[in-house]
Structure formats: C-alpha cells, structure tokens
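**Q** My questions all concern the structure below.
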C-alpha cells in the first residue's frame, strides 16, 4: 500500500453521532441538538503546519494531505462530525471555479488560492465562450479525480484498527454571481446598473457551463444526485428586485436538473432573501447560514421548512471567552431548536487556530439544553409532514 492511515475515534461516540445525524435528517432529536462546525481546509492545514504550496503542488500530495487533514479533524475537534468510519476526499479546488471560465489562479503559502479575472469590458464578457466540461480547469479536476481513484485503491484506511472506507467525489456547484465577480471584479456591481443585459448573458453562460459540468461529472463519478450542495454568498449584496432578476431564475435552472435534496449555503446579511429561500427554492437544508441574521428571524421564516445548520459567530468561537460562546450558543438553540431539524454550527467557517475547547463549549451548551421539544412552526402545527426516508449521505462541498 502506498498510504496507510489509522484514525482513533471512540466507537460509542460515533454511534451516538450517527443517531443524532439520522434523527436530524427527519427534523427530530435524540438527546440534544447536533453540533457540527465548519473546520475546513485552511484550518486543518494551519493546525498541521502545512502550506498551501504543499497542498496544491501535485495530486499525490493533495490526496495525502486530505487524508491527514481528516485524521486531524476527527481526532481533535470535539463536535459530532464523525458519523461513520469513512472519510471524504476530492479534488479540492476551493473557490476557484472562475478558472474554468478563464480566470487565473494565484497560490499563496499560508492562505487559500485566489482567482484573478481578465474581463474588463462588456465586449469581453460577451465574447466569453462556454467551456467544455473536459477542458482547462475542469479537465484538470477530472484528471486529478482519475488519479485519486487509483490512490484510493493504494490506500489502507482503518478506524481503531478496523477497515474503513474512503469516499471520492467532486465539487459540483458554486455561486454563479460569485463566479462573475471573480471574472470581472468589483465593477460587476456597477455593471448590474449600467449593463444589466451583459451581466445576464454572462450569468447564463456560467450556468450553462456549470450545468454541463454537473451532468458530465456525474457520469464520470457515478454520482446519483441524492444530495447537492450549492452556495449563494455573492447574491446577498443584491436587493430583492435584483436578486429576482439576476439570480433566482438561474438557480432554478440549475436545480431543475437535480433530482435529489438541495443543500444551500448563504452567509452574510441576507434577511431580505429568506422568503425566496423558503418559497421559491424550497431547499431541504440551509447550511452554515451567517451570524448576521438573528436566529429568531431565521426560525420565524425558515424553521420547520428546511433543516437548519448555523449560526454562531465564528470570530466569537475563535476568540472566546468560553462563557460567551456558551451563552450565544444557548441563544441559538433556544431560538431555533423548537422548530425541529436544527443543528448548532458556526456561520461560517471556523478561523484557523481556534482552540478545540472553544468548540467544546458549543457541545457543552447543547448538553446543558438537553433534548429540545418541537413546539413552533409547521411541524409542530401539523402543517408539514417531514420525509421519513431522507438520504443519509453527506454532500461534497
């Protein structure tokens, strides 16, 4: 075997995490709310003293560091993330999808990759061609995926000495408006006023490229489309009228070719868009929503209509003190757990060097609150019957 990795994790704790996960998917609780934090690549690399140069240099090292990242995360972060003896790996392109449309990627030693767009005029935007899903950036993703398939077969993974599974996938979707921002830069928001038709045409090209990528990559990877994660951060800056014009119809087009559950992320100040998330998107899960929107308002607008995962301030989690983390975590639980389907999370994601005992404070708050009763919203009133057999796999993101 080329790689061998053993992860130590208490089996009884994993079993309880799975119980909470399966119950949460049905808007129920076992003993307390789930706690899951956005401990992502930048956090894990920093903790392990690995640079982004090392991580992104070649596919073999990329794969190896993901294995080690997952081991560090599972063994050191005291939340409910580990639900079964498996880890997930993928060609981790971060937020560089605009590179598929011609943007250039710059690597930094101790920070996430950054994309630099090359569209400066409306004419250049109109001249952009929709990329093929086998070329350029996406072609590299597919080549790395193929090599990682081989590496999975060359790797022995165990949990507590017992054989375990490595699940391999690809990232499917990002925010179309953010991709346009990465291609144009801040002038995009001027263009929305000055050249709205140009922006719409560019968005349509991005969506067309992404739809082709999603369908092609699913054939390559065998992804059946049970769950799909998508992000919408760039749209939160738009007013309601602009969002309905530029974003809503394009997300609907993307999701029209997706048969399964829809997981949606949008952090930032987006309270003006909550009705769209509920009534137009009809998502199944609101993932890592931002702390800028009061949990009471999130509960009122979305509680019981989709699963909720948020929205403790990640900077508070990083800086503390522990007493304040517990207090704010309790406020989130009190406001949101009563609707059913709530999991305590940051909103979103946890900064590097966050002490693990600060995350433990979130778990302590959940333990102190205990098992919530569902007393508010459409589930409590009987207006909504939740699905009894939701897909239990995690989505790649």
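The values are calculated or read from the model by the stated rules, or taken from the named source; none is laboratory data. None of these values were measured; they are calculated from a predicted model. Neighbour counts are summed over all protein chains in view; Cβ atoms, including those assigned to glycine, are modelled from backbone coordinates with ideal geometry.
**Q** With respect to residue 91, determine if the residue is part of a loop (DSSP other than H, G, I, E, B), over 21 Å from residue 163 (Cβ atoms) and under 19 Å from the mean Cα position of the chain (by Cα).
**A** yes
**Q** Let me ask you something else. Go through the stretch 232-251 residue by residue and tally those that are under 20 Å from the mean Cα position of the chain (by Cα) and either surrounded by 21 or more Cβ atoms within 10 Å (Cβ to Cβ) or modelled with pLDDT of 90 or more (or both). So that I can check it myself, show each step before the final result.
**A** Applying the first criterion (under 20 Å from the mean Cα position of the chain (by Cα)) to the stretch 232-251 yields 232-237, 247-248, 250-251.
Narrowing further to those that are either surrounded by 21 or more Cβ atoms within 10 Å (Cβ to Cβ) or modelled with pLDDT of 90 or more (or both): 232, 234-237, 247-248, 250-251.
Counting residues in the stretch 232-251 that are under 20 Å from the mean Cα position of the chain (by Cα) and either surrounded by 21 or more Cβ atoms within 10 Å (Cβ to Cβ) or modelled with pLDDT of 90 or more (or both) gives 9.
**Q** Do we find that residue 71 is touching a strand residue (DSSP E or B) at 6+ places or on another chain (Cβ under 9 Å) and closer than 21 Å to residue 168 by Cβ in this structure? It would help to see each step written out before you state the result.
**A** On the way: touching a strand residue (DSSP E or B) at 6+ places or on another chain (Cβ under 9 Å): yes; closer than 21 Å to residue 168 by Cβ: yes.
Criteria met by residue 71.
**Q** Any idea which of 39, 30, 59 is surrounded by fewer than 17 Cβ atoms within 10 Å (Cβ to Cβ) and either within 26 Å of residue 230 (Cβ to Cβ) or out of contact with any strand residue (DSSP E or B) (no Cβ under 6 Å at 6 or more places or on another chain) (or both)?
**A** Among 39, 30, 59, only 30 is surrounded by fewer than 17 Cβ atoms within 10 Å (Cβ to Cβ) and either within 26 Å of residue 230 (Cβ to Cβ) or out of contact with any strand residue (DSSP E or B) (no Cβ under 6 Å at 6 or more places or on another chain) (or both).
**Q** Restricting the search to the stretch 180-201, which residues are on the phi < 0 side of the Ramachandran plot, out of contact with any helix residue (DSSP H, G or I) (no Cβ under 6 Å at 6 or more places or on another chain) and not in a helix (DSSP H, G or I)?
**A** Within the stretch 180-201, 186, 187 meet the criteria.
**Q** Further, regarding this structure: Which is crowded, with 16+ Cβ neighbours inside 10 Å, part of a helix (DSSP H, G or I) and in contact (Cβ under 8 Å) with a residue 60 or more places away in the chain, of 365, 380?
**A** 380
**Q** Residues in the stretch 107-136 that are surrounded by 17 or more Cβ atoms within 10 Å (Cβ to Cβ) and either under 19 Å from residue 204 (Cβ atoms) or more than 23 Å from the chain's Cα centre (by Cα) (or both): how many?
**A** 7
**Q** Take residue 80 and tell me if it is modelled with pLDDT of 95 or more, touching a strand residue (DSSP E or B) at 6+ places or on another chain (Cβ under 7 Å) and either over 28 Å from residue 316 (Cα atoms) or surrounded by 22 or more Cβ atoms within 10 Å (Cβ to Cβ) (or both).
**A** yes
**Q** Here is a follow-up. Checking the condition under 21 Å from residue 23 (Cβ atoms) and at pLDDT below 95, which residue from 299, 310 passes? Don't jump to the end; show me each part of the working.
**A** Working: 299 fails: at pLDDT below 95.
Only one candidate passes the filter, namely 310.
**Q** Restricting the stretch 208-219 to residues that are closer than 17 Å to residue 99 by Cβ and in contact with a helix residue (DSSP H, G or I) (Cβ under 7 Å, 6 or more places away or on another chain), which is surrounded by the most Cβ atoms within 10 Å (Cβ to Cβ)?
**A** Per the criteria, the residue is 210.
**Q** Looking at the structure I just gave you, is residue 24 under 30 Å from residue 373 (Cβ atoms), surrounded by fewer than 18 Cβ atoms within 10 Å (Cβ to Cβ) and touching a residue at least 40 places away in the same chain (Cβ under 8 Å)?
**A** So residue 24 fails the test.
**Q** Shifting gears a bit: Could you figure out which of (1) touching a strand residue (DSSP E or B) at 6+ places or on another chain (Cβ under 8 Å); (2) under 26 Å from residue 268 (Cβ atoms); (3) in a loop (DSSP other than H, G, I, E, B) isn't true of residue 393?
**A** (2)
**Q** Pick from 344, 336: which is part of a helix (DSSP H, G or I) and modelled with pLDDT of 95 or more?
**A** That would be 336, the only listed residue that is part of a helix (DSSP H, G or I) and modelled with pLDDT of 95 or more.
**Q** Applying the selection to the stretch 150-179, what residues are more than 22 Å from residue 263 (Cβ to Cβ), assigned to a helix (DSSP H, G or I) and out of contact with any strand residue (DSSP E or B) (no Cβ under 6 Å at 6 or more places or on another chain)?
**A** Correct list: 150, 151, 153.
**Q** Inspect the stretch 40-58 for any residue being under 21 Å from the mean Cα position of the chain (by Cα) and assigned to a loop (DSSP other than H, G, I, E, B) and give the result as yes or no.
**A** yes
**Q** Next up: In the stretch 344-356, how many residues are closer than 14 Å to residue 321 by Cβ and either in contact (Cβ under 8 Å) with a residue 60 or more places away in the chain or touching a helix residue (DSSP H, G or I) at 6+ places or on another chain (Cβ under 6 Å) (or both)? Let's see the steps before the verdict.
**A** From the stretch 344-356, those closer than 14 Å to residue 321 by Cβ are 354-355; that's our starting set.
Of the ones still in play, those that are also either in contact (Cβ under 8 Å) with a residue 60 or more places away in the chain or touching a helix residue (DSSP H, G or I) at 6+ places or on another chain (Cβ under 6 Å) (or both) are 354.
Within the stretch 344-356, residues that are closer than 14 Å to residue 321 by Cβ and either in contact (Cβ under 8 Å) with a residue 60 or more places away in the chain or touching a helix residue (DSSP H, G or I) at 6+ places or on another chain (Cβ under 6 Å) (or both) number 1.
**Q** Still on this structure, I have one more. Out of the stretch 61-86, which residues are assigned to a helix (DSSP H, G or I) and touching a helix residue (DSSP H, G or I) at 6+ places or on another chain (Cβ under 7 Å)? Let's see the steps before the verdict.
**A** Quick first cut of the stretch 61-86, residues assigned to a helix (DSSP H, G or I) only: 61-76.
Scanning the stretch 61-86 gives 61, 62, 63, 65, 68, 69, 72, 73, 76.
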